[in-house]
Amino acid sequence: MPTLFDFSDYDRLIPLVTNSLIAGALLALVGGLIGVFVITRQLAFAVHGVSELSFAGAAVFLLFGLDVVLGSIVGSITAAIIIGTLGARVQERNSLVAVLMPFGLGIGILALSLYPGRAANKFGLLTGQIVTVDDPQVTWLIAISVSVLIAIAVFWRPLVFASLDSSVAVARGVKVDLIGWLFMILLGLVVAAAVQIIGALLVLSLLVTPAAAALRLSSSQFWVPVMSIGIAMISVVGGILLALGGGLPISPYVTTISFLFYLVARILTSKRFGIIGAGGRK
Amino acid sequence: MTLLKTTDASLSFGTRAIWDKLSFAVEKGEFIALIGANGTGKSTLLKAIIGVQGLDSGSIELEDGASISYIPQHRTEDSATPLKVKDLVRLGLDGHKPGLPLPTLAAKEKVTAALSSVQALELANESIGNLSGGEMQRVRVAQAMIGSPDLILADEPLSNLDLNQQLVVSELFEQQRKKTGAAVLFVTHDVNPIIDYVDKVLYLAPGGYRMGTTEEVMQSEVLSELYGADIDVVRNQGRIVVIGTHDHAHHPGEDWV
């Protein structure tokens, strides 16, 4: 059995994961930020559906020898547009996602089974990479992250308005439907990026868990995104550094760290043990 | 000048007609009370005006460039919204514009003034989830007025308020109208708190509608005809009491129209 933590060759290993660290930090930044809107727009489950179709797209592109990240983006944007168009109401959306998810997984597994390459590449898309983020992937991630950050900054106020106070926003002239579409496309891009690092099955630990923890701790428009990004950053960068020694996938470390943050946030704000008092007046 | 005009607006849900050929106009600066029993489509009418509810036929026209603020009916699920009171009010000011909500002094002063006017300044840093129904209503009024809209659509803004707060909030609508020339379409079960301010009453009933001054509409004959039953409208010391509207078995409070 391999050891879970082993720091003996650390100085030699760090340079090998520079790409992973850059990619992870970028992903934590956009993932933690967009996660806040994922929760306020009640899209947590939809993220899972988008990531399975992203996996399918990546697997199909891999099979045909095309760019895996591009395949990932094609898959996730397709899913995001389907969910954004047909699943306006939460109940409809949930069943739609539950229908899309196994379909995407099935297509992806079929494509991977037909793919003649190494097995390690295959499971990377589902459960995350070890240290194999290459330069073209980092370029993709930087391009995606920068575009998403700019778009969110430009649309911040109407996006918050549409997400939290939809009918009042409509009256005030906000194009709520358009904002919803735009957000699904941004979400699709971030999911496609996250699938490369953490794997399709575990995307939620980066796009939902940090924001969920932050929203337990605060309702401030400033502190919720900052805390969410911080938790995502510690989870991903910490996960990569911890995974390095053991030679294991980074995803179990990332998912465990972000889960622990959520657990602590819940305990701190629980009615019985809480010291932050989520329900009552301060 | 006409701000809002509906022409033969008709809507039904399934076989149930909500309104049939509803035509009325709202002039600039007019204060209109929208009254009627439950199920006559008062809230639906506001939703149709802001555009989240379509019509079966007819049209609703708003003057070009006119801005609307909407005060939705209070719902308990709003309490899950992760937002502070001051940020919710600020959305009413510039939430429709692109960019980040930078903490400028001008915006802060406006939010402070809006919250002070509804006596809710001490709630500024509170989470929405911690507000009582009455507090939330007052915050909603501040959010609607901060943007100085041309038309304020208010869906039962007096619900959850005690009698004194009802009078305070009603007066705020009147002050806003005087200050900014805003028109007000005000859904209420009880015309009395706003009776001194109201220019016209739009009364929706299962069998039709009537629009006119309070004196014209709030008459025994008019309401009896609308409901197809004997209704008594009694005036006492400037207040109006309606006796005998029939659907009160479910909603005992509503005969106080």
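The values are calculated or read from the model by the stated rules, or taken from the named source; none is laboratory data. Bear in mind the structure is a predicted one, so any value in this text is a computation, not a measurement. When we count neighbours, we look across all protein chains shown, and the Cβ atoms used for this are built from the backbone with ideal geometry, even at glycine. Surface areas here come from the heavy atoms of the whole protein model, side chains and all, with no ligands, DNA or RNA. Shrake-Rupley method; radii C 1.70, N 1.55, O 1.52, S 1.80 Å.
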- Query: If each Cα of segment A:1-82 is one equal point scatterer, what is log10 of I(q)/I(0) from the Debye formula at q = 0.22, 0.23, 0.24 Å⁻¹?
  - Reply: -1.03, -1.05, -1.07
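Would you please classify the overall shape of chain A from the alpha carbon gyration tensor, given that a ≥ b ≥ c denote the square roots of the eigenvalues, rounded means a/c under 1.5, and beyond that prolate means a/b larger than b/c while oblate covers the rest?
Details: a/c = 1.82, a/b = 1.20, b/c = 1.52.
Here chain A falls in the oblate category.
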- Note on the structure: For B:LYS28, the lysines lying under 18 Å Cα to Cα, once residues fewer than eight places off in the same chain are dropped, come out as B:LYS5, B:LYS178, B:LYS179, B:LYS200
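To check you understand DSSP bridge types, tell me what percent of the beta bridges within the protein assembly as shown (both residues inside) are antiparallel, rounded to 5.
Details: 24 of 42 bridges.
About 55 percent, rounded to the nearest 5.
Please compute one quarter of the surface area of the Cα convex hull for chain B and express it in square nanometres. All intermediate terms of the calculation are to be shown ahead of the outcome.
Numbers: hull surface 58.0 nm².
Averaged projected area of chain B's Cα convex hull equals 14.5 nm².
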- Message: Using only DSSP helix segments of four residues or longer, with each worth -39500 (n - 2.57), what per-residue ellipticity at 222 nm results for chain B after dividing by its residue count and rounding to 500?
- Response: -9000 deg cm²/dmol
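Counting only protein heavy atoms and rolling a 1.4 Å probe, how much accessible area do B and A lose on contact, total for both sides, in Å² to 100?
Numbers: alone 12550 and 13610 Å², together 23570 Å².
Buried area (both sides, nearest 100 Å²): 2600 Å².
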- Item | Mean-position separation - Cα centroids, segment B:31-47 and segment B:1-29, in angstrom | 11
- Message: For a quick check, take a GNM of chain B with Cα springs below 10 Å and name the residue from B:SER132, B:SER59, B:SER148 with the largest mean-square fluctuation.
- Response: B:SER132
- Taking a probe of 1.4 angstrom, what is the accessible area of B:LEU167 in Å², to the nearest 10? 90
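Where both residues lie in chain B, what percent of DSSP beta bridges are antiparallel, nearest 5?
Details: 24 of 42 bridges.
Around 55 percent antiparallel, to the nearest 5.
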- Task: Please name which of A:LEU105, A:LEU164, A:ALA44 has its Cα lying farthest along the dipole of chain A towards the positive end, using unit charges on Cβ (Lys, Arg +1; Asp, Glu -1) and the Cα centre as origin.
- Result: A:LEU164
- Message: Once each part is reduced to its C-alpha centroid, what is the distance from segment A:67-118 to segment A:21-55 in angstrom?
- Response: 15
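Please give the calculated 222 nm ellipticity per residue for chain A, where each DSSP H segment of at least 4 residues contributes -39500 (n - 2.57) and the sum is spread over every residue; nearest 500 deg cm²/dmol? Mind showing how you got there, number by number?
Working: 14 runs with 214 residues, N = 282.
The helix contribution divided over chain A gives -25000 deg cm²/dmol.
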- Listed residues B:SER10, B:SER116 arranged by accessible area, highest first, probe 1.4 Å: B:SER116, B:SER10
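Dividing the alpha-carbon Rg of the protein assembly as shown by 2.2 N^0.38 Å yields what?
Working: Rg = 27.8 Å, N = 539, 2.2 N^0.38 = 24.0 Å.
Cα-based Rg divided by the globular estimate yields 1.16.
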- Task: Could you quote the convex hull projected area for segment B:81-146, Cα atoms only and averaged over all directions, in nm²?
- Result: 4.2
- Enter the accessible area of B:HIS74 (Å², nearest 10), with the probe set to 1.4 Å and all protein chains included. 60
- Query: Dipole magnitude of chain B about its Cα centre, charges +1 at Lys/Arg Cβ and -1 at Asp/Glu Cβ only, in debye to the nearest 20?
  - Reply: 840
- When the solvent-accessible surface of protein heavy atoms is calculated with a 1.4 angstrom probe, in what order do B:MET1, B:MET136 fall, highest first? B:MET1, B:MET136
- For peptide B:84-94, compute the average count of partner chain beta-carbon atoms within 10 Å of each residue's beta-carbon. 4
